[in-house]
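A.B. asks: After the structure tokens below, expect a handful of questions from me.
The values are calculated or read from the model by the stated rules, or taken from the named source; none is laboratory data. All of these numbers come straight from a predicted model, not from anything done at the bench. Heads up, the Cβs are rebuilt from the backbone with ideal geometry, glycines too, and the neighbour counts pull from every protein chain shown.
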Amino acid sequence: MSDSTTSTDAALRTPIVAVLGHVDHGKTSVLDKVRGSAVIEGEAGAITQHIGATAVPLDVISEIAGELVDPTDFDLPGLLFIDTPGHHSFATLRSRGGALADIAILVVDVNDGFQPQTEEAIEILKRSETPFIVAANKIDTVPGWNPTEDAPVQATYESQSDRVRGDLDEKLYEIIGQLSDRGFSADLYWRVQNFQNNVGVVPVSAMTGEGIPDLLTVMMGLSQRYMKEAMEIDVAGPGVGTVLEVKEEKGFGTTLDVVLYDGTVREDDTIVVGGADSTIVTDVRALLKPRPLSEIRTESRFENVDELKAAAGIKIAAPELDDAMSGAPMRVVRDREIDDVIGEVEAELADIAVDTVEQGIVVKADTLGSLEAMSNALEEAEVPIVRAEVGDVAPRDISVASTAEDPMHEAILAFNVDVLADARTAAENQDVRIFESDVIYRLIEEYEEFVEEREQAQQ
Ligand code: GDP
């Protein structure tokens, strides 16, 4: 084992970045372009594939960003991108009292502007007080656009004809106006002095790669200048993380995909994990990370490691994980009192728990974070909740909904979960409506339409 011998092992971890935005606005393409640029610019293996995340180290960022980034100005190790884009995964990824991601990129299609999921993403970012920058994407689609290889993108922008730049400006200022309507002071990123209080808008094309170096530069600058304290960790300390997914894995049984944001996890560590019914205490049997692409063999996509440091995405194999929940906290016990650690995990879980009332609708969701996002949206829409749980829609949910006093409450909103066959039959028999979607606003819209229909039927 390496450098974990000293008792104070303070270090700066890699800032964690999430990508959000409306469907089809280019979240996946932006992430792919960042990863693709990193592969082209870096030596083979320079970007590190984690479980559920990709690390782009500082030297690769400075290669991509060219003159924009002088690596000697930075002591943060790079950026760790969460691989699953969207506000759903963002909301799931909680850390102690906040969002797991330190920074977010909000992708907005310049042609499409703000859309319902852009609004949802902004609400979630606002609530979690996560600093973000806007990638105003698809600038290559502006008619007459003349792409250049230049970084910064400001030079490309200024080199366009007045007409083309005018067309783009109209779209960009629409986005900037939308941001200021929601209380953010925003501007094109090269006009922003202080990124802590202002949202920088970076014109990009995930297609041509224009603006991607700028995006990386702004994020590095933002983290280094304003968020460095948040990156201070005790590297050798007991690991603290969030469960990304609970997954069955051939040869390993039930495993946890975890984003570790503080400390270290080691093989044989005792860990405490939030479970659906009770808190799980178990011992790490194996720590797994993905094999490098060049080494993938048929028998396993993973390789064993004996220790891993934050920030990292890792797979943990351990007994008795079946009850673990996505979005739940994971903590290493090491030399602390186990009851204290259980207390910490329970306090975190209570912090995410949804308040319910005597009369209301039933809400089911796939993770704690999405349950919380649903409950916030329902609170805003003034819809009360009688029961909120992680998991598929089951017959007992139908029983709860069918005994509602108010017919408007005979409904279940199912976010990104399945409806068990016997639950569906029971719902049909008992006139309980189930709404299913992986888009929050759609569920709420459909529920509101249902309320209207029932109200009209009553008159
Ligand atoms: P997501 O749903 O937000 O992840 O969006 P995707 O990354 O899947 O992109 C949606 C569509 O837009 C795809 O067909 C992409 O090829 C296209 N697209 C994404 N970024 C750009 C861009 O910068 N320029 C152009 N012309 N098309 C893009």
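A.B. asks: Can you go through Ser37, Ser89, Ser62, Ser7 and tell me which one is modelled with pLDDT under 85 and more than 16 Å from the ligand (Cβ to nearest atom)?
C.D. replies: Ser7
A.B. asks: Scan region 188-238 residue by residue and report those that are among the charged types (D, E, K, R) and within 16 Å of the ligand (Cβ to nearest atom).
C.D. replies: Correct list: Glu210, Asp214.
A.B. asks: Does Phe81 satisfy the condition of being away from the ligand (no atom under 14 Å from the Cβ) and crowded, with 22+ Cβ neighbours inside 10 Å?
C.D. replies: No, not satisfied.
A.B. asks: Taking region 253-279, which residues are hydrophobic (A, V, I, L, M, F, W, C), in a strand (DSSP E or B) and under 18 Å from Thr92 (Cβ atoms)?
C.D. replies: Leu256, Val258, Val259, Leu260, Val273, listed by residue number.
A.B. asks: Hey, could you check region 102-125 for residues that are away from the ligand (no atom under 14 Å from the Cβ) and modelled with pLDDT under 90 and say which is surrounded by the fewest Cβ atoms within 10 Å (Cβ to Cβ)?
C.D. replies: Out of the qualifying residues, it is Glu123.
A.B. asks: Here's another thing I want to ask about it. Within region 135-187, how many residues are more than 14 Å from the ligand (Cβ to nearest atom) and in contact with a Phe, Trp or Tyr (Cβ under 8 Å, 6 or more places away or on another chain)?
C.D. replies: Number satisfying all stated conditions: 7.
A.B. asks: Output the number of the condition that Asp24 fails; it satisfies all remaining conditions of (1) assigned to a loop (DSSP other than H, G, I, E, B); (2) more than 14 Å from the ligand (Cβ to nearest atom).
C.D. replies: All conditions are met except number (2).
A.B. asks: Same structure, new question: Count, please, the residues in region 335-387 that happen to be of a type in the set (D, E, K, R), closer than 24 Å to Ser399 by Cα and surrounded by fewer than 21 Cβ atoms within 10 Å (Cβ to Cβ).
C.D. replies: 5
A.B. asks: Let me ask you something else. Given the options Val192, Val272, Val265, Val284, name the one that is over 20 Å from the mean Cα position of the chain (by Cα), under 30 Å from Thr148 (Cβ atoms) and not hydroxyl-bearing (Ser, Thr, Tyr).
C.D. replies: Answer to the selection: Val192.
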